[in-house]
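For reference, the structure discussed in these notes is given below.
Quick note: the coordinates plus some simple rules give every number you see, no bench work behind them. All values derive from a computational prediction rather than experimental measurement. Here the Cβ is made from the backbone with ideal geometry for all residues, glycine too, and neighbour counts use every protein chain on show.
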Amino acid sequence: MIRDAAGVPVLPLRAPGRAEALPDAPAPQPTPVVNPRLRIDPALNIVVIEFRDEAGQVGLSIPTPRELDAYRRNAAPAEPQPDGEREATAPPATVPPATAPPATAPPATGTDVTR
């Protein structure tokens, strides 16, 4: 092994056209699978939670793919509609005020109130 002036090992230079085996580089470590994974669905602006198996494939999704499709089918339009083109919606239902109890209760039966 060749060393520099400070005693640090250095690799020898290769001559052009001569292939030498370089020292084995350490094998790259596999990328760990983050579980669960959170992502935002850009079309719906909702968070999707994905649970993955050992192979990295999505095993469970919240909301499910079926629910995501339902959200997409029923998604509101992205652009605001002009005032004249809005859907007619029913006004909010009004609740009638509760009836107040009578100011005085009727006399109990068997009681004489004329005395």
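Observations, loosely collected:
- Rg and Dmax [Cα atoms of region 32-74; Å; Rg one decimal, Dmax integer]: 11.1, 36
- Mean sequence separation of contacting Cα pairs (under 8 Å, at least six apart), scaled by the length of region 32-74, corresponds to a relative contact order of 29 percent.
- Modelled spin-label separation between LEU68 and PHE51, with each label point placed 7 Å from Cα along the Cα-to-Cβ direction: 1.7 nm.
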